[in-house]
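Read the structure below first, then the notes.
The values are calculated or read from the model by the stated rules, or taken from the named source; none is laboratory data. Source: prediction; values computed, not measured. All Cβ positions, glycine included, derive from the backbone under ideal geometry; neighbour counts span all protein chains shown. We work out accessible area using only protein heavy atoms, side chains counted, and drop any ligands, DNA or RNA first. Shrake-Rupley method; radii C 1.70, N 1.55, O 1.52, S 1.80 Å.
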Amino acid sequence: MFLAAAFPAFAVAANWVKITSPHFELYTTAGERRGREAVSYFEQVREQFLRLRSAHAATNRVRIVAFSNRREFEAYQPNEYAAAFYLGGEGRDYIVMSALGSDNFPVAVHEYTHLWLKHTGIELPVWLNEGLAEIHSTLQQSGNRVGMGHPISGRLYVLRDQKWLPLARVIAVRHGDPEYSEKDRAGVFYAESWLLAHMLYLSNDLRPKWNDFVRALLENGSSEHAFRVAYGKSVEEMEKALRRYAGANSMNAMFFPGRLEKPSEAPVVTPATALESGVVLAELLGFMQRYEPAERIFDELAQQYPQEPRLFESRGLIAWQNRQVDAAKKHYARALELKSSNARMLIDYGKLVYGEDPEKAAVALERAAELDGTQREAHEMLGVLLFNKRDFAGAVKHLLALKEIKPDRAFQTFSMLAWAQYETGNKEGARLNAERARKYARGAVEVDRADELVRFVSDTPRPQAAALPVPGGTEPAEESVAAPALQRSEPRPPGSAEPRVHHQEPRESFSGVLHQLDCLGVAARIHVSSGQRRLTFLIRDPGQVLIRTADGGATMDFTCGPQKPRRVTVEYAPITDAKLGTAGVVRALEFPQN
C-alpha cells in the first residue's frame, strides 16, 4: 500500500500532533502524551551521547515522524522488516517510527545511533552500523549509573533457534540485499551483526584491539582485512570465535556514572494542520526517492494552498537533495516570490544562482540576513557580492556582521574588509584588518599580498586594536587555522583595479583511495573508493584543478589506467553527468602523506 490511497487518511483526517523541543520536532498520530514522552526521551539520549561519545550532533532539529500503528507506517516502510528507520537528507534528518511508547525506546536509540554515526562522517559496513546501533539500543538507567551493551534476549533466541548465515556473507551484506530487508532473513543478519559487534567492542579478549580494528577498517574498507590486521584471524576463525561467544555464560556491559536527566524545558505541543503534516509526509517520501506519491501530495496541497511558500521550499529541497538543480532553482525562486521566511532555504537558493545571477542571489541573501542575522553564510556571500559590485559600504556592513570567521576564510575576509574600509575612508580600520590578514596568510603568495596591502593602506598611525570592530567580536584561534581556502582576494595598490573575489560554489568532499584514472581526451575521470562506497568524478580541465600534497607540491604525474592505491580527498562541485556516471566535477585534489 502506497500513499496514493493512504494520504487522505493519514495526512488529513488523522489527528496529527506537532511536539517541539530544543533539538527535535515530532509529528505523530499516537497522541500527545506518548509524543511528549518520546521527545523528552530523545533529548535525554542526545545529551547522553554528547557526554559519553563527544557526538557530532545534528545542527538542525531532527524531525521524527511516529505513527500510531503498523498499518499507517506501511506506506512509508522502506522494506518489509523495518519497524523504524533513519534517513539523512540535505540539511534534514528524519527518524520514522511505526509506534510510540516506552516499549519502542530501544528502537528510538537504535535509530539515533545511525544519525550519530552519520554525523561523525564515518562510513561503516552495514553489519557494523547495525551492530553498534543494537548495542546502544540497550541504553538504560541502572541505579546511579547509565548502562548499555546488555544482552538482547530476542537476538540470542534467534541465534539459538535459526540457522546462521556464514560470517563471510554477513560482512558483505549491503542495503537492499534480501538478508537486510526481507522479513524471513533479516532477523538472523541483525542478530549476528549485533553479536559480532558486541564481541569486538565489549569482550575481554578483543576489546583492547577495537581501535586497531576500526582504523584498519576505515583505511581499507574490508572487514576481512581488518580482522587480520587487528586480531590476526581469518573470517573462518572469527566465525568460530563468534559461535563460542554465543554460548558464553555471561556478557559484558558498559556503565557510566550519572543519570538520564529529564530535560528542563517542556516541549511545545500544537495540533498539526493538514498543510504541515502533508508537507512533512511528502518531503519524507521525496527523500526516500518515491517521487510519484510525493508529487501527488504536493499537487493536492497546492490546490488548497496555492500561495503557500512551504510547498515550494520542500519541493526545492527534494530536488536539490537529488541533484535536480534546475528544478530546485525553479521551486526556490517561487518560494522567494511568495515571501518565504525560511532563511536556510534562501541561503541555499542564493548559492545556486550566485554565479549566474548575482542580483537574484543578493535579493535572497538580503532577505535571509534580515530574517536571521546569525546566518554566517548570508553575510559572507553578501560581503563578497557587494565587494565585487564596488558597494564597499555594504560589504563592510555584512563582513562586520559575521558572528564567526572560519579559520580557512580569515585571510580572505580580513583582506576584503581592509580594502573596503580603505575605499570608504576608514584608514585606521583598513590598516588593522590588513595586519590581521597578514597574520592569517599562509604560503609565500598570500604573505606577499598581505604585505602589499598593509603598505598601501598604512599611511596613518597604527590604531589601538580595542577601538576597532572585528567580525564576530573575536578573531579565529590561531592554533585552529586550517589549510588556505582555494580562492582568495588579491588586493592591489590604490589607483589600480581592486580585487574581484569569487565566492565558492556549493561544494562537497569525498575522502578515499584513488585506484583508477580514465583518460577521455582533454578530460579525465577518476575512481575513488571508501569502504563499500565507490564514486567517480570528472576532471574537465586538469589545468584548473588545484593540487595539494603533503610536501607542498602543486603538481602530480598520472598515467591512464589503474593506479597504485593512494589516499586522496576530492573537493568537487556536485554536478552529475549520467552519461559518464560521474558524481561531480573535480575542483581540488589533496594527497596526504601515505
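List, in the order given, every pair from 118/330; 209/406; 330/579 whose Cα-Cα distance in the structure shown is over 32 Å. Over 32 Å Cα-Cα: 209/406. Computed on the chain, with alpha-carbon pairs under 8 angstrom and 6+ residues apart, the relative contact order is 9 percent. Each residue of region 16-32 was assigned a 3J(HN,Hα) from its phi angle through the Karplus curve 6.51 cos²θ - 1.76 cosθ + 1.60 (θ = phi - 60°); the sequence is 6, 10, 10, 10, 10, 10, x, 10, 9, 9, 9, 10, 8, 9, 8, x, 5 Hz, with glycine and proline shown as x. Put a plus charge on the Cβ of each Lys and Arg, a minus charge on the Cβ of each Asp and Glu, and nothing anywhere else: the dipole of the chain about its Cα centre is then about 780 debye.
Taking amide H as placed 1.01 Å from N in the peptide plane, residue 563 has its amide H under 5 Å from the amide H of 516, 517, each at least 5 places away in sequence or on another chain.
Could you compute the FRET efficiency for residue 249 and residue 404, with r as their C-beta to C-beta distance and R0 at 51 Å, rounded to 0.05?
Values: r = 54 Å, r/R0 = 1.06.
Efficiency at R0 = 51 Å is approximately 0.40.
Across the accessible surface of region 145-302, with the other protein chains kept in place and a 1.4 Å probe, carbon and sulfur atoms take up 47 percent. Distance between the pseudo-spin-label points of residue 264 and residue 558 (7 Å out from Cα toward the beta carbon): 5.4 nm. Here's the list of lysines a cross-link from residue 183 could span, going by alpha-carbon distance under 16 Å and ignoring same-chain residues fewer than 8 apart: 163. Here region 382-412 and region 322-349 have alpha carbon centers that stand 23 Å from each other.
Divide the volume of the convex hull around the Cα atoms of region 341-457 by the residue count and you get 98 Å³ per residue.
Give me the angle, in degrees from 0 to 90, between the Cα long axis of helix 325-337 and the longest principal axis of the Cα atoms of the chain, rounded to the nearest 10. For helix 325-337, the angle is close to 70 degrees.
Relative to the dominant Cα principal axis of the chain, helix 343-353 is inclined by about 60°.
Computed over protein heavy atoms with a 1.4 Å probe, the accessible surface of region 272-394 works out to 41 Å² per residue.
Taking amide H as placed 1.01 Å from N in the peptide plane, the amide H of residue 93 sits under 5 Å from that of 63, each at least 5 places away or on another chain.
As an exercise, identify the chymotrypsin sites (Phe, Trp or Tyr not before Pro) in region 65-112 lying in DSSP coil whose Cβ has no more than 10 other Cβ atoms within 10 Å.
Working: sites: 67, 73, 76, 81, 85, 86, 94, 112; in loops: 67, 81.
When the chymotrypsin sites (Phe, Trp or Tyr not before Pro) of region 65-112 are filtered for loop state and at most 10 Cβ neighbours within 10 Å, nothing remains.
Most tightly packed first, judged by the mean number of other beta-carbon atoms within 10 Å of their residues, the peptides 511-519, 392-400, 365-373 read 392-400, 365-373, 511-519. Within region 380-456, the GluC sites (Glu not before Pro) that combine a DSSP coil assignment with at most 15 other C-beta atoms in a 10 angstrom radius are 404. Residues within the reach of a label modelled at residue 374 (point 7 angstrom out along Cα to beta-carbon, backbone nitrogen below 13 Å), restricted to region 24-45: there are none.
Scalar couplings 3J(HN,Hα) for region 149-160, obtained by applying the Karplus form with A = 6.51, B = -1.76, C = 1.60 to θ = phi - 60°, are x, 5, x, 9, 4, x, 5, 5, 5, 4, 5, 7 Hz; x denotes Gly and Pro.
Checking every one of the trypsin sites (Lys or Arg not before Pro) in region 141-232 against DSSP loop status and a limit of 15 other Cβ atoms within 10 Å picks out 163, 174.
Here the Karplus curve 6.51 cos²θ - 1.76 cosθ + 1.60, taken at θ = phi - 60°, turns the phi angles of region 259-274 into couplings of 9, 7, 6, 5, x, 6, 9, 6, x, 9, 10, 9, x, 8, 6, 4 Hz, with x standing for Gly and Pro. Note: region 133-256, Cα convex hull, 114 Å³ per residue.
Note the listed values [x] 1.12; [y] 0.99; [z] 0.96, then indicate which one is Rg/Rh (Cα atoms, Kirkwood Rh) calculated from this particular structure. Matching entry in [x] 1.12; [y] 0.99; [z] 0.96: [y]. Once the Cα-Cα distance is subtracted from the 0.36 nm per residue extended length, the residue 302 to residue 174 segment shows a gain of 42.3 nm.
How would you order 569-579, 410-420, 328-338 from highest to lowest mean count of nearby Cβ atoms within 10 Å?
Ranked by mean Cβ neighbours within 10 Å, highest first: 410-420, 328-338, 569-579.
Provide the FRET efficiency to the nearest 0.05 for the residue 289-residue 204 pair, computing r from the beta carbons and using R0 = 41 Å. After rounding to 0.05, the efficiency reads 0.40. Under a 5 Å amide H cut-off, with hydrogens placed 1.01 Å from N, residue 546 pairs with 588, 589 among residues at least 5 apart or on other chains.
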